[in-house]
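Student: This is the structure I want to talk about, given as structure tokens.
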Amino acid sequence: MEQSNDIADDPSGAFDDSQAAAVFNRIYIRWKIALDLARSMRDLPTNVLDLDALLMRIPALPAYIPKDLKTIEGFSTWVNESTPDCYLRKRIDPTQTLYLRMPNYIKCSLSFETSFQVWRASANNGLALLFLAWAYILNASLAERQGLQLQHQPTSTPFSSQRRISLAYATKQEANWWRTILTPGMFCPKSGGIPPWTVMLKDVCSLEIAGVSNSASRSLKLPSALTAASYVARLCVAYNLGDQSSAAFAAALCLPYFMTLSLTTNAFKACLESVVWEPDIPCNLGGAVLRAANQVLGPILRAQNYELLAKDLSNTKAAPLWLGCATGGIVQSFFDLESHGSYFRNDNTVSRADIWRLRRDCSDAYPHGENYRQAPLHPWPPFGVIRFKDIDIELQSHLKCAHHWQYQSWTWLLPNPITDKGYVGFCQPQSPMPSPMVTSNNNPGKEELEAMSQISRHLTERIFFGCPYQVEKGFTNTVVPQCWYSHGSPESQSQGQPNFEAISKWIDGVISG
């Protein structure tokens with residue numbers, strides 16, 4: 001059978017057009033309702049700016065970090081608080097790396113964009129100034145933990161302007177700092193690389209702080225992170241900026257995320273998918289979700305109407321950070337979900353998604369268990385079920401369990417490891433889809449169906465290629481990664497090309513078995 005770079009044939013209906021059309025209509029209605037609601041909003045809803053609960057999910061950085069470290073690693077520990085008969089009580093997730101230095105900085109300029117020009121009922125808009133201030137504070141806090149000191153590296157001399165901000169309430173030191181914040185350039189340690197929240201300010205649109213000379217700002221001793229935060233609070237009170245500070249903080253917090261997205265195409269695609277994915281839709285129907293969301297969100301993005309986009313996304317779990325487009329501790333993948341009951345189904349099968357999660361839970365029971373601990377890059381669950389007789393022996397004692405993992409702690413891997421218990425567990429998302437009784441007249445045509453099918457095939461390939469050890473051959477063996485790759489061994493997978501004939505045969509076996 002001749003194969004292309006996609007799963008060419010679909011004799012068993014894995015990419016069935018009728019299923020895809022039904023999902024498309026359901027998701028299109030869900031996003032259309034959200035858009036209609038967004039257009040009726042005068043202001044952003046309050047939940048978009050509720051950062052407190054979200055930040056509780058992020059472990060605090062250690063108070064002291066060796067100054068020569070460019071990265072810091074850590075891992076999370078979880079405990080099984082349900083299924084008392086289950087011997088599996090603790091799970092340690094793979095080590096994650098946080099980059100303390102970046103290969104480059106983010107260039108930015110003050111903008112004349114119409115989005116967010118008017119903020120609620122406030123007569124003043126300080127978003128740009130507050131964003132720059134929070135970027136400084138985040139970098140200053142990291143520098144202090146590493147025993148370093150920031151310095152301002154100007155790229156040009158501030159010029160006189162008619163657009164001036166008066167800080168009559170401020171101390172001389174405070175006004176000088178705000179003047180420096182608006183001076184083109186960036187804040188960095190004298191040596192040691194570029195911290196994650198570094199902004200290279202290029203253009204301030206002729207905006208300046210009144211009453212502060214250039215020489216005064218150049219001779220400024222930069223304030224600590226805590227002192228700078230107090231300056232931000234005083235500015236918000238003086239100009240009645242309300243919750244603009246929360247929005248600016250969310251945007252500044254996401255700067256390292258933007259850098260990651262600019263460096264990694266796959267990370268960018270995964271980010272976009274994590275916005276619109278639905279927990280109960282498998283990868284072979286993911287294209288219908290993405291195309292439906294694109295029909296609603298695409299015109300907003302092309303029009304650069306970011307305020308409407310933020311309102312439209314305000315119903316998502318990560319709403320507080322969609323202003324800056326980042327997540328932390330949010331359910332982003334089927335790997336983060338839990339079964340609400342026994343894994344074993346009435347038809348003597350277990351869903352493939354549950355099997356993958358169980359293998360992660362029981363990874364220590366396998367000779368190469370580390371291969372099961374890494375979450376797939378994409379959020380979509382694998383489709384299909386596995387029969388009882390074909391399930392790994394290592395998992396069969398857990399099939400009547402319902403593991404409920406509760407976050408216990410985060411451990412920073414320093415010379416003297418530090419455990420942080422301030423992080424809370426994941427929230428189980430409720431599918432935001434409308435009732436199945438809601439129908440849409442926006443039935444996809446032939447070209448749309450073909451586009452959905454191609455995307456779904458691509459998602460399916462990427463998910464299974466990224467987790468070759470998870471794949472069973474038909475329903476006769478347990479883990480046989482060789483069935484996916486023409487070179488036949490796990491060690492040669494990075495060099496080998498996918499065996500697309502084996503992929504099609506496997507899909508046929510999965511569905512027909």
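Student: Ranking request for peptides 447-454, 39-46: highest mean number of other beta-carbon atoms within 10 Å first, then the rest in descending order.
Tutor: Final packing ranking: 447-454, 39-46.
Student: Say each of residue 82 and residue 67 gets a label point 7 Å from the Cα, pointing the same way as Cα to Cβ; how far apart are those two points in nm?
Tutor: Result for the modelled spin labels: 5.0 nm.
Student: Another question, then. Step through the table entries 190/311; 70/202; 90/389, compare each Cα-Cα distance with 29 Å, and write down the pairs that go over it.
Tutor: Result: 190/311 exceed 29 Å.
Student: Now for a different question. Ranked from highest to lowest mean number of other Cβ atoms within 10 Å per residue, what is the order of the peptides 298-305, 345-352, 19-26, 238-245?
Tutor: Taking the mean over residues of other Cβ atoms within 10 Å, the ranking is 19-26, 238-245, 345-352, 298-305.
Student: Starting from segment 83-177, pick out the GluC sites (Glu not before Pro) whose DSSP state is loop and whose Cβ has at most 16 other Cβ atoms within 10 Å.
Tutor: 113
Student: Roughly how many Å² is the accessible area per residue of segment 21-139, as a whole number, for a 1.4 Å probe?
Tutor: On a per-residue basis, segment 21-139 sits at 53 Å².
The values are calculated or read from the model by the stated rules, or taken from the named source; none is laboratory data. Here the structure is a predicted model, which is why all the values come from computation and not from measurement. No Cβ is skipped: glycine too gets one built from the backbone with ideal geometry, and neighbour counts run over all protein chains shown. Surface accessibility is based on the protein's heavy atoms, side chains included, excluding ligands, DNA and RNA. Shrake-Rupley method; radii C 1.70, N 1.55, O 1.52, S 1.80 Å.
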